[in-house]
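Values in this text are rule-based calculations from the coordinates and carry no lab data. Fair warning: this is a prediction, and the values are worked out from it, not measured in the lab. Virtual Cβ from ideal backbone geometry, glycine too; neighbours counted across all protein chains shown.
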Amino acid sequence: MDVVVRRAFGSEAPVLTRVARAAKRHWKYPEAWIARWRDALTVTPAFVERHPVRCAVRGARVVGFYALAGAGPTRELEHFWVLPAHMGRGVGARLFADAVATLRADGARQLRI
């Protein structure tokens, strides 16, 4: 089944948070560090409404997402996460290509990672 990249909805914030935390845990960081990063890995509905947040969906399931921040010619990649079971399957590449297209369409020239 193909992946579709679309705008995320504020109501999906809990799902996006679960994706971020699962992806971070995949890299075997100690749980104490994961706990310390809890706020940074939490996506709120307000954040989704204020920022360009786009998600990769396979079927009806969100399998990854990214979020951009900033304005002007330089933007920041605030979040970029893919569920571990979907890593290595082109989801990240699709998300990154979408992020670049989104930036270019908005007139940005640089992406700070």
* Structure fact -> Taking the stretch 46-77 and the residues there that are over 16 Å from Glu12 (Cβ atoms) and charged (D, E, K, R), the one that is nearest to the chain's Cα centre (by Cα) would be Glu76
* Asked: Would it be correct to say that Ala23 is farther than 26 Å from Leu103 by Cβ and either in contact with a helix residue (DSSP H, G or I) (Cβ under 7 Å, 6 or more places away or on another chain) or without any contact (Cβ under 8 Å) to a residue 24 or more places away in the chain (or both)?
  -> no
* Structure fact -> Taking the stretch 1-53 and keeping only residues that are of a type in the set (Ser, Thr, Tyr) and not in a loop (DSSP other than H, G, I, E, B), one is left with Ser11, Thr17
* Which one of Val91, Val100 is of a type in the set (A, V, I, L, M), buried (at least 17 other Cβ atoms within 10 Å of the Cβ), closer than 18 Å to Arg7 by Cβ and touching a strand residue (DSSP E or B) at 6+ places or on another chain (Cβ under 8 Å)? -> Val91
